[in-house]
Amino acid sequence: MSSGRLYPRVLQQYGIEPVLLDTDHALVSGFRTAPTPGAVDFAADLGNSYEALLRLCAERSVAYVVAGSEPGVELAERLRADIPGCPAGETVLPQRRWDKQYMFEALAAAGIPTLTTWAVPAGHTAVPAEAVDELRAGRKLVVKPARGAASVGVRLVETPGQLAEAVAEITDRAGFFGGTSAALIQEMYPAPRVEYAVDTFSTPAGHEIVCVTVYDKWVSESGDFVYEKGRWLDHDEPIVRELAAYARRVLDALGMRIGPAHMEIMSGPPGPRLIDFGARAHGIGHPLHTHALTGNSQIHRESEYIAELFGMRAPVAQRDSGYALSRRGALVLLSVEREARYLGGADAELADLPGVREVRMAAEPGRTYPATKSMMDSVALGLVFVVADTADELDFRCAEVRKRAGDFFTTD
């Protein structure tokens, strides 16, 4: 579920009527599969003309721009810069907020610890000799598109042959959003390592931490990273404070001055290292569950900020930069290790399990699904939101959800 689908209802709760825009980028990448009710279609209605879009914004008195999902970030950034008086991030090198090649270069220039990264331009397939040397020395590497989301196209490689294949799959064909992309080759964060998601909201007053979740995942036989679940962490846990400090440095280096950001950060003995970034709210329905657990979310915070900015409600006199969990919670991402057919009927079974608060089965009965390779593949199967009073109870309940869900897929 793209966050773009969640914004209209929340904005309306704050008395804000949004102007919705559909683009082909979101359609190509699967972030939407049908027209958004009431939305302007950038292609059909405006002929993909940016000038026509600017005229529409002037006619509708648009004064604030929200990126509903990763495919819309670049266009949203451009509109913010061109609409007079619109709150925006730093306008110098805005690509650092949506293109990972510029992103990691900006972090390195700011002196922020990052993973060693090499880039292969779109349309090229020759891999850097230094990366090949790393593999021959027995070290693993990660290959990812410079432009993308949801772990699509992210591969773990161990040999020069795997490296060349993974790079060519990115640079030699249309990417996640329809266009070509450079390939990034990064060192593998050394074990032991844990991946976290840090969700923030930025204003001229500073960067707020909305929530931090920790990911459990595994590597498939093909070297793809498969997510098992995301678990919300308490704000007062020591690792959260460390991640928050690092995230604020990242936001400053990338010129984030307004709006939500979603960061994926690896951490272990060497300290935090950014592995992915999106200048938009967390996707897959995550903000709804964050709101259920904390009473706030990136989408609610942004709607509140817009209402305060335009005098529709009084600003909060003193705002806490953190959050508090009312219960333990996790979002289970379903997956299949190899091609499997969905039998149907999992919804009712899973909904009756202890702690299950929401089941979103996307899989269609009778349809066969390929081995899960990315978060988008998991979304195509289903997501389950689970709560509990303790961490141990939550882990047990999530494991039971995955076990029961597996019974509804067959490899026969």
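The values are calculated or read from the model by the stated rules, or taken from the named source; none is laboratory data. Note that the structure is predicted; figures quoted are calculated from it, not measured. Every residue, glycine among them, receives a Cβ derived from its backbone with ideal geometry; neighbour counts consider all protein chains shown. With ligands, DNA and RNA removed, areas are computed over all heavy atoms of the protein, side chains included. Shrake-Rupley method; radii C 1.70, N 1.55, O 1.52, S 1.80 Å.
At a probe radius of 1.4 Å, what is the per-residue accessible area of residue 83, in Å² to the nearest 10? Accessible area of residue 83: about 20 Å². Loop-located GluC sites (Glu not before Pro) across the stretch 189-286 with a Cβ neighbour count of 12 or fewer within 10 Å are 221, with loop assigned by DSSP.
What residues of the stretch 283-311 lie in the reach of a label at residue 327, counting those whose backbone N is under 16 Å from a point 7 Å from the Cα along Cα→Cβ? Once the point is set 7 Å along Cα→Cβ of residue 327, 288-296 turn out to lie under 16 Å by backbone N, inside the stretch 283-311.
Checking (1) 0.97; (2) 1.23; (3) 1.07 against the coordinates, the calculated Cα Rg over 2.2 N^0.38 Å falls under label (1).
Would you mind checking 229/373; 144/403; 100/140 for any pair whose Cα atoms are more than 25 angstrom apart? In this structure, 144/403 exceed 25 Å between Cα atoms. Going by accessible surface with a 1.4 Å probe and the largest first, 291, 282, 25 read 25, 291, 282. Under the combined filter of DSSP loop state and at most 14 neighbouring Cβ atoms within 10 Å, the stretch 117-188 retains these GluC sites (Glu not before Pro): 158. Out of 83, 57, 159, whose Cα points farthest toward the positive end of the dipole of the stretch 25-168 (charges: +1 Lys, Arg; -1 Asp, Glu; placed on Cβ)? Checking the options against the dipole of the stretch 25-168, the answer is 159. Among the trypsin sites (Lys or Arg not before Pro) within the stretch 341-400, those in coil by DSSP and having at most 16 neighbouring Cβ atoms inside 10 Å are 367.
How high is the FRET efficiency from residue 348 to residue 91, r the C-beta distance, R0 51 Å, rounded to 0.05?
On the way: r = 52 Å, r/R0 = 1.01.
The pair residue 348/residue 91 has a calculated efficiency of 0.50.
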